[in-house]
Structure formats: structure tokens, C-alpha cells
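The values are calculated or read from the model by the stated rules, or taken from the named source; none is laboratory data. If you're wondering where the values come from, they're calculated on a predicted model, not measured in any experiment. Because the Cβ atoms are built from the backbone with ideal geometry, glycine has one as well, and the counts that use them run over all protein chains shown.
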Amino acid sequence: MKLIIIDDSKEYMSLVRRMLAREMPDIEVTEYDPEQQGEPGAEFDWSIYDVLIIDYQLGTASTGIDWLTRYRHAPGFPPAIMMTAEGDEYVAARAIKGGAHDFIKKSDITPERLLGLVRDAVRERDAQRADGEVTTPNLKLERDAFIFREMRLPHDRRTPDGRRIGYKFVRLIGQGATSRVYLAERAQERSTLVLKVIDVASIKEPQVLQRFVREAELVAAVNSPYVVKFLEHGFTENYGFIAMEFFTRGDLKQRIEHGVSVSDAVNYILHIAYGLRAIHELGIVHRDLKPGNIMFRSDDSLALADFGISKRLDETSELTKAGSVLGTPNYISPEQALGLKVDQRSDLYSAGVIFFEMLTGRKPFRAESAAALVYQHVHADIPQLPDAVRDFQPIIDILLAKDPAQRFNSADDFIDALRSINRAHQTQR
């Protein structure tokens, strides 16, 4: 059985996955973080899943009910179980009306109750199939097999020493509007890596393909231990691909959910600044810096990842429509939120949001909608740190300045100031 969980808490998704695995050892669970992965596009393949578990509060401008209403008529959409932390009968009624198979409060979830809900949903799925409402070709296996036949590549694709280049499928670990992300092995040295694949034939907008190519070019240009390691990129007849290192210890978002000590917060933000310095020296602005894009290796070193909407400062062409805004509302700089020109200081603003969140366990600005969040980034006063970490307030004040001219001019300036204040903070303890 294949199940997908959509929730903005990786910790909770992991808990649900463990509950289900204890009762159903053969279950295959995909965890989907809406804040990090965005909303599924038209190409998202819902048919590969037997059941959907979705939270009501997704940490985005949309709710789980909004998603159900939007996607429930998509081909192969599975029966959905709606979860909520603070639900009532009104929310439950809306969920069922929106297309949910069932509804449950998170506080009421037990392994046995969850298993019962999933089995009921599967029975509904089987009934739909029996009635011919859902087609059942194994699209996932067919597509994965075809992709990886192509990823083996023609015989003329070899390394300089004559070894053939190719990839072996391990498992699908995510999919977006235009791409699928696999855990894979590189045939030439049998190393585990992440393979991001885009279906060229299905792309209707040239900008999407251009962004994919640009992401590969940008990552390939960087050589820093604080930035994701790039292996190669290229195209087969039907697909484009980027091969990058695999991170075994998750992302910063997971760690913030568990709580980050002050010393770790300072260490992490310092290393994030090193990564920013490396890309800024090459004229690259990340434009989507957030905890979900900061990854940890097995040795606990971190690296910046996901350069899908990054750009070079010297680029004159935009790959987005005029006036459009890309980025994550919780971490977006005022100028980026307003669709204005951005430079390295926009990334430093996002780093300031992350630093504040690590020091306090909460985001500096919170609101019910993306528009309200944007308003706060542009107009609200800079929040104050609690007394225990008040020494870092001058850093936060500069990083979160509304006017880019009032922020640090470079990652180096930020690094110098952080080291100085951290020394003073440690001396006073």
C-alpha cells in the first residue's frame, strides 16, 4: 500500500509514518511538506497513492480543505483523511463537504484508530475501482522504469576513463509540479545520491525548463562545503536531470521543531553565512533561503540546497512574469515580496528570519494569509528577542531592516558582527 501525508510538521509526519509502519510493515509512505514543496501542479501523479492523509493547517495561505476542493477531481485522486489540531464539528463538516473520506483530531489519533481509518479509506478506493471510477494501471512503476532506462544513457556516455555513466532507481522521495525526485545510485561508483528529473515533453511553459537548466548551471558553479555538492546534469531524449549529493540527517526545519540551543543556533547561522558568501561571490542570489532548504550530512555539517529560483545578479532576463513573486512568505524579504530588484542583502534578510526562529522557536512574523505576512515583512516593527538572547538583537535589527541599504552589505560583514557579539554574549554568561 502507498500512502501520502501532507503536513507542515516533518516531526508529526514521521510520527504518523512510524504508527502505520508498526501496524502495516509493508506500507510505503511519502511525506509531503507544503511549505517546502509548494502546491502540487497539474502534472502531480495522485494515482500512485492509495490513501491521502492531510492536515487542516498547512502552514501556508491555503488550508487542507482548500487543497481537497482544488484537487479532488484530479485523475486518480485517493480517498483523503483530514487531520486537525484544533478541529470542531464545523471544520469536520467542511472537510467532508470538501471531499474528505473521514476526519480526525490529532489528539484522538492512536495507532489502532489510524489503522482503522486507513483501512476504511482503502475499502472505499477498492469500491471505486470496482465501479470503474478509478483506473488502476501501475503508472508509478511504468514511469519510474522508463525514466531509469533513459538514465542509463547511451553507450557513448562514459567517463574519461571509459566507465559508463548511469543511475539505478532506489525509490521515489518526492514529486512537484514539473519534476520527480529520486533516491538513486550512480552506477559508476555505486554511491547514493539524489536525482531530480524533469519531463521535458510535459512542460508547456519554456520558463520552467529554463529554470531547471539554470538551477543546474548555478549549483555546478559553486565549490563550497556549505553548498550542496553537484555531480552532473544533462538531458536524455525525454528528460532533463540533475544529480546531487544525498543528505542523511534531514533539514534545519526538523531541528527547529525539536528546539535549537543558542550555541547551535549561532553555529548554524554562521555556516549558513559561509554558504551565502560562497554563492554571493559568484554573483548568485538564492531567493528562497529557509530551514527546509538547509540540509545536514552524516557528519552533521550543513549545506544550502534547492537553487530552483536562484538567479545571477548580472542576468538581464527574468524567467518569471513581470510583477510575479517567488519565494516562501515566512522568509521573504520586503523587496522580494514587493516584486522589486533583489541582491545579496535579500538572502541576508531571510537568514535573519531563520536566526530569529532558531533563537526563539517561533517566526518573527505570523499571519493567517500570505498577503498578511507580506504586509508585516514590509511594514511591521522588527520583533524583540527574549532577555536570554537579547545580546543578539543588534544583529536581528540589521538583518531584518526594511531597507536593504540598512542591512549588512555582505555575508562577510554579517560574519564579523556575529562573531563579535557572540564573544560578548559568551563572556557575560
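See the values below:
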item: Total residues in region 102-124, condition touching a Leu at 6+ places or on another chain (Cβ under 9 Å), among the acidic types (Asp, Glu) and in contact (Cβ under 8 Å) with a residue 40 or more places away in the chain; result: 0
item: Boolean, Ala388 is under 26 Å from Gln254 (Cα atoms), aliphatic (A, V, I, L, M) and not in a helix (DSSP H, G or I); result: no
item: Among (1) touching a residue at least 12 places away in the same chain (Cβ under 8 Å); (2) part of a helix (DSSP H, G or I), the one test that Asn267 misses; result: (1)
item: Residue count for region 392-429, restricted to those that are over 16 Å from Val262 (Cβ atoms), surrounded by 13 or more Cβ atoms within 10 Å (Cβ to Cβ) and among the aliphatic types (A, V, I, L, M); result: 7
item: Criterion (surrounded by 15 or more Cβ atoms within 10 Å (Cβ to Cβ), modelled with pLDDT of 70 or more and either farther than 25 Å from Glu35 by Cα or assigned by TED's automatic domain parsing to the domain that holds Leu304 (or both)) met by exactly one of Glu237, Glu215, Glu185, Glu150; result: Glu185
item: Qualifying residue in region 30-45 (condition: part of a strand (DSSP E or B), in the same structural domain as Glu112 (by TED's automatic domain parsing) and within 14 Å of Pro78 (Cα to Cα)); result: yes
item: Hits in region 245-261 (condition: modelled with pLDDT under 85 and part of a helix (DSSP H, G or I)); result: Gln254, Glu257, His258
item: Members of region 15-26 that are surrounded by fewer than 20 Cβ atoms within 10 Å (Cβ to Cβ) and touching a residue at least 40 places away in the same chain (Cβ under 8 Å); result: Met19, Arg22, Glu23, Met24
item: Breaking point among (1) over 28 Å from Lys290 (Cβ atoms); (2) at pLDDT below 85; (3) buried (at least 17 other Cβ atoms within 10 Å of the Cβ), for Asp50; result: (2)
item: Residue list for region 46-82, restricted to those being in a loop (DSSP other than H, G, I, E, B) and in contact with a His (Cβ under 7 Å, 6 or more places away or on another chain); result: Pro79
item: Breaking point among (1) of a type outside the set (A, V, I, L, M); (2) touching a Ser or Thr at 6+ places or on another chain (Cβ under 8 Å); (3) at pLDDT 85 or above; (4) buried (at least 17 other Cβ atoms within 10 Å of the Cβ), for Thr63; result: (2)
item: Region 92-116: number of residues that are small (Gly, Ala, Ser), outside any helix (DSSP H, G or I) and exposed (fewer than 15 other Cβ atoms within 10 Å of the Cβ); result: 0
item: Criterion: free of Cβ contacts under 8 Å to residues at least 12 places away in the same chain and assigned by TED's automatic domain parsing to the domain that holds Val342 - qualifying residue of Ala401, Ala367, Ala380; result: Ala367
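Rundown of residues vs (1) closer than 20 Å to Val266 by Cα; (2) touching a His at 6+ places or on another chain (Cβ under 8 Å); (3) basic (Lys, Arg); (4) assigned to a helix (DSSP H, G or I), yes/no style:
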position: Leu348; (1), (2), (3), (4): yes, no, no, yes
position: Gly352; (1), (2), (3), (4): yes, no, no, yes
position: Phe355; (1), (2), (3), (4): yes, no, no, yes
position: Phe392; (1), (2), (3), (4): yes, yes, no, yes
position: Ile398; (1), (2), (3), (4): yes, no, no, yes
position: Ala401; (1), (2), (3), (4): yes, no, no, no
